[in-house]
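**Student:** What follows is a structure written as C-alpha cells; I'll ask about it next.
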Amino acid sequence: MVIDQQRDPQIPRSAFRAPRLSALAGAPEAYNYAFLDEVSKREIRRALLKAVAIPGYQVPFGAREMPIARGWGSGGLQVTLATLGPGDTLKVIDQGTDAGVNAVNIRRLVERTAPGVATTYSTAEATIIQSRHRFPEESLRADQIMVLQVPLPEPLRMVEPRESVTRQLHAEADYTRVWVHLYEDVITNGEISRASGYPVMVNGRYIMSPSPIPRWDIDKLHQSASLTLLGAGREKRIYAVPPHTNVVPLDFEDYPFRVEDFSGKRCARCGATDTYLDEIIVNGGGRLYACSDTAHCDERVSAERETRNAE
Amino acid sequence: MSATAAPSKPFEPVADSQATFRVVLDAMARPGSVRTLPATDPRCPLPGGRALAAVALTLLDHEVTFAIVPSLGEGAEEFARYLAATTGGRLVGIDEADYVFARGPLAHGVLASMKRGSLAFPDEGATLLLLVEDFETGDGVAASLTGPGIPDDRTLTLVGLSAENLAERRAANAEVPRGVDLLLVDPTGRMVCLPRTTQIAAR
C-alpha cells in the first residue's frame with residue numbers, strides 16, 4: 001500500500017509544518033537574565049576566580065546544556081554569559097569575522113536574553129570580546145576582557161589520552177613527553193609543525209593550550225593589558241591568563257618559535273601587509289589573500305575611502 | 001557608599017551579583033589594586049560587613065562550604081546564621097571550608113589550617129574573605145607586590161594583615177600551585193585581592 005502523505009485527507013496539513021524553533025524555545029522573557037540560571041552563573045564565576053588565581057590551570061566546571069552544540073563555543077558562551085551585564089558591549093568573532101554563523105548566533109542569543117548589553121563589530125568599542133580561533137589585530141586595553149572558545153583544552157592530550165594521567169603530569173609539572181613530542185616533530189618535519197593551538201608555558205608553571213588561535217596571535221597573550229578567559233564546554237574546563245603574565249611558546253634554542261610568514265603578500269581588499277591573512281583559492285586555481293580580521297579590514301577600507309573622498 | 005549610610009537599597013540577586021562579580025574578577029586579575037564594590041546587603045548583621053556580604057552572596061550557595069573565624073567578633077554568630085540562611089552554604093570548620101570569613105589581622109594558625117587544594121586540584125584551595133579596617137585610614141604594612149596581573153611591581157599599604165600573617169601566607173602558598181586566595185574588604189566597600197601567585201615583600 002502506498003500513501004501519499006502530502007495529499008491524504010486523513011493526515012492533517014499541520015503534521016507537515018515544522019514548528020518554528022522560536023516557538024519551541026518560548027519567549028526570551030521566560031529566561032533568566034543572560035540565559036543561564038543563577039546557580040550556574042555562580043559556579044562559573046567561582047571557577048573563573050580560581051582560574052585567574054592559578055594562571056594556566058584548567059578548573060573543572062559543570063558545563064551546562066546550551067542552545068548551541070557542545071564544541072561550538074558553548075564553553076566560551078557560558079563564560080561570557082556569567083560575566084556580562086548591563087552597560088557591557090559585546091563583540092563576537094568566528095575565525096576572524098563577526099558575520100560567521102557561530103558569531104551571529106551567539107550575538108543574537110545575548111541580544112535576546114541580556115537587555116542592556118550592546119553588541120558591536122568594532123574591537124575598540126567592545127568591553128567583552130568572545131572569539132573562536134582568533135585575536136583581533138588591534139591590541140586590547142585593560143578595560144577589555146577576551147573570552148576564547150576552546151574545543152580541546154588539554155595540551156598534553158597529544159601525548160597522553162588518559163585524563164587521570166594528564167592531570168597528574170600537570171600536578172607534577174612533568175612535561176618531558178611534550179618536549180619529546182616537539183623534538184620528534186622537528187626530526188620528522190624539520191620544524192615544530194603545530195599550526196594552531198600552539199602549546200605555551202604560562203607563568204613558568206603550566207603548559208596551556210591557547211585555543212586554536214594561529215601562531216600569529218600567541219604574542220597577544222604575553223604580558224597583555226587585558227584579561228583572557230578560556231572556556232571549554234564539552235571538556236568542562238575553564239582557565240585564564242591574567243594581564244601582565246608571561247606566556248611563552250615552547251621551542252628550542254636552535255628551532256625558535258616563529259609566526260606565519262606572509263612576506264610578499266598583502267590583503268586583496270585593504271592592502272594590509274601587517275595582518276594575519278586568509279588564503280582564498282579563486283577560479284582558475286589562483287590564490288588571493290585577505291585579512292582574517294574582517295572588522296579591522298573594513299575599518300581600513302572605509303578610512304581609505306574617506307581619505308580619497310576628501311582629496 | 002558607606003556602611004553607616006542608611007537606608008541602603010536591598011541586594012538584588014541577579015544584577016548586583018553580576019556587578020559585584022565583575023569588580024572581584026577585575027581585582028583578582030590585578031592583585032593589589034584597590035577596587036570599590038558596587039553593592040551592599042543591608043540585611044547583613046555584621047557591623048561593617050555589608051560590602052563583604054555582597055561578595056558572599058555573589059559567590060556562595062548550597063554547593064559550597066564556609067567557615068567563620070571566631071575573631072570576626074561582635075555579630076559573628078548572627079553573620080554565620082545569616083549566610084547559611086541567605087546563601088544555602090554549609091557551615092563547617094576552618095580546615096574544611098571553601099570560603100573562610102575572618103577579621104584581619106588573623107590570629108596565629110588560621111591561615112595554616114585552611115584548605116590549600118592538592119597538586120592535581122589546586123582550585124580546591126580556600127578563599128579567605130577578610131574584613132579589614134578602612135584602607136585609607138587603617139594601619140598597615142607598606143608592601144611591594146609582584147606576580148601575574150602586576151606590571152613591574154605595585155606598592156600599597158596592606159591593611160588587615162600583620163607581618164606574621166604575611167609569613168603564614170607565604171608558607172601556605174609555598175608548594176605551588178597549592179594555596180589560599182585572599183580578598184580584603186573594608187567597611188566602605190573598597191576591596192583588594194591577593195591571589196596565591198602574588199609575592200608580597202614588606203618595604
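**Student:** Can you report the number of residues in segment B:139-169 which are at positive phi, modelled with pLDDT under 95 and open to solvent by less than 50 Å² (accessible area, probe 1.4 Å)? Walk me through how you get there before you give the answer.
**Tutor:** Let us first name the residues in segment B:139-169 that are at positive phi, namely B:147, B:149, B:152, B:160.
Among the residues that remain, those that are also modelled with pLDDT under 95 are: B:152, B:160.
If we keep only those that are open to solvent by less than 50 Å² (accessible area, probe 1.4 Å) too, we end up with B:160.
Final tally of qualifying residues: 1.
**Student:** Determine if segment B:114-128 includes at least one residue that is out of contact with any strand residue (DSSP E or B) (no Cβ under 9 Å at 6 or more places or on another chain), of a type in the set (Gly, Ala, Ser), farther than 19 Å from residue B:66 by Cα and within 14 Å of chain A (Cβ to nearest Cβ).
**Tutor:** yes
**Student:** Identify all residues within segment A:224-265 that are out of contact with any strand residue (DSSP E or B) (no Cβ under 8 Å at 6 or more places or on another chain) and within 11 Å of chain B (Cβ to nearest Cβ); write none if there are none.
**Tutor:** Residues satisfying the conditions are A:225, A:244.
**Student:** So residue A:24 passes all but one of these: (1) of a type in the set (A, V, I, L, M); (2) within 28 Å of residue A:244 (Cα to Cα); (3) at pLDDT below 95. Which condition number does it fail?
**Tutor:** (2)
**Student:** Another question about this same structure. Output the residues belonging to segment A:245-303 that are in contact with a Lys or Arg (Cβ under 7 Å, 6 or more places away or on another chain), closer than 24 Å to residue A:182 by Cβ and loosely packed, with under 13 Cβ neighbours inside 10 Å.
**Tutor:** Correct list: A:260 only.
**Student:** Hey, another quick one. Scan segment B:129-171 residue by residue and report those that are among the aliphatic types (A, V, I, L, M), out of contact with any His (no Cβ under 8 Å at 6 or more places or on another chain) and within 13 Å of chain A (Cβ to nearest Cβ). Explain how you work it out, then say what you get.
**Tutor:** Of segment B:129-171, the ones among the aliphatic types (A, V, I, L, M) are B:129-132, B:141-143, B:145, B:150, B:156, B:158-159, B:161, B:163, B:166-167, B:171.
Now drop any that are not out of contact with any His (no Cβ under 8 Å at 6 or more places or on another chain), which leaves B:129-132, B:141-143, B:145, B:156, B:158-159, B:161, B:163, B:166-167, B:171.
Scanning segment B:129-171 gives B:129, B:145.
**Student:** For residue B:77, indicate whether it is more than 14 Å from chain A (Cβ to nearest Cβ) and assigned to a loop (DSSP other than H, G, I, E, B).
**Tutor:** Numbers: more than 14 Å from chain A (Cβ to nearest Cβ): yes; assigned to a loop (DSSP other than H, G, I, E, B): no.
Judged against the criteria, residue B:77 is not a match.
**Student:** Let me ask something else. Which of (1) closer than 24 Å to residue A:131 by Cβ; (2) open to solvent by 40 Å² or more (accessible area, probe 1.4 Å); (3) of a type in the set (A, V, I, L, M, F, W, C) is the odd one out, the single condition residue A:179 does not satisfy?
**Tutor:** (1)
**Student:** Looking only at residues in segment A:218-234 that are within 22 Å of residue A:62 (Cα to Cα) and not in a strand (DSSP E or B), which one is least open to solvent (accessible area, probe 1.4 Å)?
**Tutor:** Initially, segment A:218-234 is screened for residues within 22 Å of residue A:62 (Cα to Cα), giving A:228-234.
Within this subset, residues satisfying the condition of being not in a strand (DSSP E or B) are A:233-234.
Values: A:233: 3, A:234: 103 Å².
This residue is A:233.
**Student:** Related question: What strands (runs of 3 or more DSSP E) lie completely within segment B:133-203 and have 1 or more residues being without any contact (Cβ under 8 Å) to a residue 60 or more places away in the chain? Even if it seems obvious, please write down each step before you answer.
**Tutor:** Details: elements: B:140-146, B:154-159, B:181-185, B:190-194, B:199-202.
Output list reads B:140-146, B:154-159, B:181-185, B:199-202.
**Student:** Now for a separate question. Residues of segment A:81-114 being under 17 Å from residue A:36 (Cβ atoms) and of a type in the set (Ser, Thr, Tyr), which ones?
**Tutor:** A:83, A:113
**Student:** Do you know which residues across segment A:101-120 are open to solvent by 60 Å² or more (accessible area, probe 1.4 Å) and not charged (D, E, K, R)?
**Tutor:** First, the residues of segment A:101-120 that are open to solvent by 60 Å² or more (accessible area, probe 1.4 Å): A:101, A:105, A:108, A:111-112, A:115.
Correct list: A:101, A:105, A:115.
**Student:** Output the residues belonging to segment A:208-223 that are within 14 Å of chain B (Cβ to nearest Cβ) and β-branched (Val, Ile, Thr). Break it down stepwise before answering.
**Tutor:** Pass one, segment A:208-223, residues within 14 Å of chain B (Cβ to nearest Cβ): A:208, A:221-223.
Within segment A:208-223, none qualify.
**Student:** Confirm whether residue B:91 is open to solvent by 40 Å² or more (accessible area, probe 1.4 Å) and of a type outside the set (Phe, Trp, Tyr). Talk me through it step by step, then tell me what you get.
**Tutor:** Values: open to solvent by 40 Å² or more (accessible area, probe 1.4 Å): yes; of a type outside the set (Phe, Trp, Tyr): yes.
Yes.
Residues checked against (1) modelled with pLDDT of 95 or more; (2) within 14 Å of another protein chain (Cβ to nearest Cβ); (3) open to solvent by less than 40 Å² (accessible area, probe 1.4 Å):
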residue	(1), (2), (3)
A:67	no, no, no
A:74	yes, no, yes
A:82	yes, yes, yes
A:86	yes, yes, no
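**Student:** Here's another thing I want to ask about it. Mind checking which residues of segment A:32-61 are more than 9 Å from every other protein chain (Cβ to nearest Cβ), surrounded by fewer than 24 Cβ atoms within 10 Å (Cβ to Cβ) and assigned to a loop (DSSP other than H, G, I, E, B)?
**Tutor:** A:36, A:37
The values are calculated or read from the model by the stated rules, or taken from the named source; none is laboratory data. The shown structure was predicted, so the numbers you read here are calculated from the model rather than taken from an experiment. No Cβ is skipped: glycine too gets one built from the backbone with ideal geometry, and neighbour counts run over all protein chains shown. Keep in mind that these areas ignore ligands, DNA and RNA; they rest on the heavy atoms of the full protein, side chains included. Shrake-Rupley method; radii C 1.70, N 1.55, O 1.52, S 1.80 Å.
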